[in-house]
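Every number in this text was worked out from the coordinates using simple rules, so none of it is lab data. The shown structure was predicted, so the numbers you read here are calculated from the model rather than taken from an experiment. Cβ coordinates were reconstructed from backbone atoms using ideal geometry, including for glycine residues, and neighbour counts include every protein chain displayed.
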Amino acid sequence: MGKEQIFVTVQNRGLIALPSGILNRFGLDKAGAQVEVIEREEEIVLRSHFGVSVDQRHGFGLSGGKR
């Protein structure tokens, strides 16, 4: 799948609306979906973010405790 250039308008309070096709493709079409915002020198990068539940953290060794 190639890169597609899409323009969106910034609304009141800095809100932007992404096209439904992009939301669906990246799993952002459900309430509570999160997007990581990365600021680089001359650009802003939006990346879909899939959180890990507390139960899953323990299974992956991500509990945050000392080892």
| message | Run the simple label-point estimate for Asn12 and Ile38 please: 7 Å along Cα→C-beta, distance reported in nm. | response | 3.3 nm
| Gain in span if fully extended, Phe26 to His49, counting 0.36 nm per residue against the direct Cα distance | 7.4 nm
| query | Of the peptides 14-21, 36-43, how do they stack up when ordered by the mean number of other Cβ atoms within 10 Å, highest first? | reply | 14-21, 36-43
